[in-house]
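Structure first, commentary second.
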Amino acid sequence: MDINNKIIIFNWKMNPDSKKEAEKLFNIYLKSKISSKNKFVVAPPFVYLPALSSRNNLSLAAQDIFWKESGAFTGEISPQMIKDFGVEYVIIGHSERRKNLGETDKIINEKILFALKEGLKVIFCVGEDLEIRKNGLKVRQEFIKNQLLSGLDRVHISSRDKDSEINELIIAYEPIWAISTNINSVEDSPEDALKMSIFIKEVLSSKFKNLKFKVLYGGSVDGQDIKDFIKYKEIDGALVGGASLKKEEIKKILSI
Ligand code: PGA
């Protein structure tokens with residue numbers, strides 16, 4: 001199976017618990033054989049960014065961002081600050097932030113607009129919970145469509161005088177019940193992820209003409225099942241959480 005032009009994001013979340021461990025972990029990535037056919041991005045906690053640096057097709061992402069340049073915003077980090085450390089991508093709207101910190105579609109929209117304006121590549125996460133899933137495909141699709149359209153409100157393509165300009169956008173479809181649960185292959189077949197990916201592409205292409213976008217799948221993806229998802233041309237890559245901390249999984253994924 002030939003897998004090309006995919007993008008794989010390794011989301012370390014709030015791990016590991018020391019700088020030394022972070023450097024050790026990153027070294028596993030650097031010492032692995034990295035496939036040149038695909039793009040790989042590591043998203044460590046902010047505090048480890050200064051200790052890590054990108055290489056050819058191994059880039060860095062932040063796990064979040066604030067929507068102002070600087071000022072009285074205690075505890076926040078701006079795009080300018082992370083760009084200084086060679087960060088190219090930013091994850092916005094992860095379900096763990098929506099759930100644990102009450103991030104709303106409105107906040108996510110502010111972050112997306114500002115990150116794009118500042119030239120960061122946005123990885124915008126969407127996904128439904130189990131309750132919504134139980135109501136059937138139509139309800140799920142409506143929910144995802146709303147998340148997409150609210151998050152991308154006021155986003156424009158190639159018009160310099162508008163709020164934010166993009167020509168490439170990455171959406172990560174991550175059904176919440178599949179995150180960190182290892183139930184993706186039981187509950188969520190790759191065919192289901194394929195269906196949702198096609199749906200997301202339909203929604204985006206009717207809203208944004210000329211936009212280049214990628215749709216990734218996320219939810220307990222590991223070195224074993226990643227190919228089952230990304231073998232489809234409609235699924236452009238994966239967002240990997242738990243497996244991004246495990247040596248053998250990292251090696252398998254980087255070699256695809
Ligand atoms: P997981 O996390 O691979 O551990 O399910 C994915 C994510 O939340 O980004």
Please sort through the DSSP H helices of the chain and keep those with an alpha-carbon extent of at least 27 Å along the long axis and a Kyte-Doolittle average not below -1.0.
-> none
For the chain: relative contact order, % (alpha-carbon pairs under 8 angstrom, 6 or more apart) | 20
Could you work out the helix-only [θ] at 222 nm for the chain, with each DSSP H run of four or more residues adding -39,500 (n - 2.57) and the total divided by the number of residues, to the nearest 500 deg cm²/dmol?
-> -10500 deg cm²/dmol
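For the stretch 1-145, which whole-number percentage of the solvent-accessible area (1.4 Å probe, protein heavy atoms only) is attributable to carbon and sulfur atoms?
In the stretch 1-145, the share of accessible area belonging to carbon and sulfur is 52 percent.
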Give me the net charge of residue 43's neighbourhood, meaning all other residues with Cβ under 10 Å from the Cβ of residue 43; Lys, Arg count +1, Asp, Glu -1.
-> 0
Net charge near residue 247 (other residues with Cβ under 12 Å of its Cβ; Lys, Arg +1; Asp, Glu -1) is +3
In Å², what does the accessible area per residue of the chain work out to with a 1.4 Å probe?
-> 48
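The values are calculated or read from the model by the stated rules, or taken from the named source; none is laboratory data. Since the model is a prediction, treat every value here as computed from it, not as a measurement. Glycine gets a Cβ as well: all are built from the backbone with ideal geometry, and neighbour counts include every protein chain shown. Surface areas here come from the heavy atoms of the whole protein model, side chains and all, with no ligands, DNA or RNA. Shrake-Rupley method; radii C 1.70, N 1.55, O 1.52, S 1.80 Å.
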